[in-house]
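**Q** Questions regarding the structure given below will be posed in turn.
The values are calculated or read from the model by the stated rules, or taken from the named source; none is laboratory data. Quick caveat: nothing in here was measured; it's all calculated off a predicted structure. Cβ coordinates were reconstructed from backbone atoms using ideal geometry, including for glycine residues, and neighbour counts include every protein chain displayed. Note: areas computed on protein heavy atoms with side chains; ligands, DNA, RNA excluded. Shrake-Rupley method; radii C 1.70, N 1.55, O 1.52, S 1.80 Å.
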Amino acid sequence: MNVDDAGTLAKGDMKIEGVLGKDDRERSAEALFGFSFIEHLEMEIGLARATDHATDPDSRARGVGFGAKWVPYQNDTGWSLGARVDVGRTRIHDRETPEKFTERSWSVSGLASYRWEGGRVLHLNLGSARTRAQGESETLGTWGIGYEYPLLDRLQLTMEIFGEEHARPDKAIGLRYEIVDGLKVSGAVGRGSERNFGQVGVAWEF
């Protein structure tokens, strides 16, 4: 899900995630490694690559990011509350120009999740994101609402709506299936701003 949950890995645990995505004519691949060496604190390192086929020739981007999620108040049922900070750097090659430049981004978000008995979960995100590229910068408010509903013992339906200032929201629906304990696969499709998008992913916590 694009909307993040207010939860962290258990102390000493790690995770690996991989995602393939399509957003209109842009195709992307992401890989993420996360770990927790302090209770209620999760650190993440991510790599991403994207190719936009809307231009001829295609434009390409490669990025690296670092994230930290701190959720001091966590409960199996009821509210869990925390926050996260992310820093990213993306190298963009506009082959049509041709021009190369670097975009830097920073974001901070408040996280809240409410868990019911039976597996239903509501997620709320509210934050701010700042990007800087080619001498110009922009800061926008961000938000998101997500919901998880168990369909079967290991199968969950996910629904979310999210966006940022001055833009129409994106809406997505998907499924997540836990193959064995800690290993999950997922897929989602969505629409927003007169475009379609989708992704498939796998996550392993150990």
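**Q** Show the residue pairs meeting these rules: Cβ distance below 6 Å; 6+ apart or different chains; first residue within segment 33-54 and touching a residue at least 12 places away in the same chain (Cβ under 8 Å); second residue open to solvent by less than 60 Å² (accessible area, probe 1.4 Å) and of a type in the set (K, R).
**A** G34/K15; E42/K69
**Q** Oh, and also: Show the residue pairs meeting these rules: Cβ distance below 6 Å; 6+ apart or different chains; first residue within segment 95-108 and under 12 Å from R60 (Cβ atoms); second residue open to solvent by less than 90 Å² (accessible area, probe 1.4 Å) and of a type outside the set (S, T, N, Q).
**A** Final answer for the pair search is R95/P57; K100/H93.
**Q** May I pose another question? Please find, within segment 108-144, the residue that is most open to solvent (accessible area, probe 1.4 Å) out of those that are aliphatic (A, V, I, L, M) and over 23 Å from R91 (Cβ atoms).
**A** Filtering segment 108-144 for residues aliphatic (A, V, I, L, M) gives 108, 111-112, 121-122, 124, 126, 129, 133, 140.
Filter once more, keeping what is over 23 Å from R91 (Cβ atoms): 108, 111-112, 121-122, 124, 126.
Details: V108: 76, L111: 7, A112: 16, V121: 14, L122: 46, L124: 62, L126: 126 Å².
Filtering segment 108-144 for residues that are aliphatic (A, V, I, L, M) and over 23 Å from R91 (Cβ atoms), the one most open to solvent (accessible area, probe 1.4 Å) comes out as L126.
**Q** So if I check each of T158, T139, which one is part of a strand (DSSP E or B), in contact (Cβ under 8 Å) with a residue 12 or more places away in the chain and either touching a His at 6+ places or on another chain (Cβ under 6 Å) or polar (S, T, N, Q) (or both)?
**A** On the way: T139 fails: in contact (Cβ under 8 Å) with a residue 12 or more places away in the chain.
Answer to the check: T158.
**Q** Sticking with this one: Just one of (1) open to solvent by 70 Å² or more (accessible area, probe 1.4 Å); (2) out of contact with any strand residue (DSSP E or B) (no Cβ under 9 Å at 6 or more places or on another chain) trips up P57, so point out which.
**A** (1)
**Q** When segment 156-175 is examined, which residues are found to be surrounded by 12 or more Cβ atoms within 10 Å (Cβ to Cβ) and either within 22 Å of V108 (Cα to Cα) or over 15 Å from the mean Cα position of the chain (by Cα) (or both)? Spell out how you get there, then give the answer.
**A** Looking only at segment 156-175, we keep the residues that are surrounded by 12 or more Cβ atoms within 10 Å (Cβ to Cβ), and these are 156-165, 169-175.
Passing the criteria: Q156, L157, E160, I161, F162, G163, E164, E165, P169, D170, K171, L175.
**Q** Name the single residue that is most open to solvent (accessible area, probe 1.4 Å) among those in segment 1-22 being out of contact with any Asp or Glu (no Cβ under 9 Å at 6 or more places or on another chain) and in contact (Cβ under 8 Å) with a residue 40 or more places away in the chain. Write out each step before concluding.
**A** First pass over segment 1-22, keeping only residues out of contact with any Asp or Glu (no Cβ under 9 Å at 6 or more places or on another chain): 4, 6, 12, 22.
Adding the requirement that they be in contact (Cβ under 8 Å) with a residue 40 or more places away in the chain leaves 4, 6, 22.
On the way: D4: 31, A6: 1, K22: 93 Å².
Here the answer is K22.
**Q** Would you mind finding the one in T51, T97 that is of a type in the set (S, T, N, Q) and either surrounded by 13 or more Cβ atoms within 10 Å (Cβ to Cβ) or assigned to a strand (DSSP E or B) (or both)?
**A** When all the criteria are applied, what remains is T51.
**Q** Would you point out which residue out of A112, A167 is under 30 Å from P57 (Cβ atoms) and either part of a loop (DSSP other than H, G, I, E, B) or of a type in the set (G, A, S) (or both)? Don't jump to the end; show me each part of the working.
**A** Numbers: A112 fails: under 30 Å from P57 (Cβ atoms).
Exactly one of A112, A167 is under 30 Å from P57 (Cβ atoms) and either part of a loop (DSSP other than H, G, I, E, B) or of a type in the set (G, A, S) (or both), namely A167.
**Q** Can R91 be described as open to solvent by 40 Å² or more (accessible area, probe 1.4 Å) and among the charged types (D, E, K, R)?
**A** Numbers: open to solvent by 40 Å² or more (accessible area, probe 1.4 Å): yes; among the charged types (D, E, K, R): yes.
Spelling it out, R91 is indeed open to solvent by 40 Å² or more (accessible area, probe 1.4 Å) and among the charged types (D, E, K, R).
**Q** If you don't mind, another one. Return yes when G67 is out of contact with any Ser or Thr (no Cβ under 7 Å at 6 or more places or on another chain) and closer than 30 Å to K100 by Cβ and no when it is not. Give the derivation first.
**A** Values: out of contact with any Ser or Thr (no Cβ under 7 Å at 6 or more places or on another chain): yes; closer than 30 Å to K100 by Cβ: yes.
Criteria met by G67.
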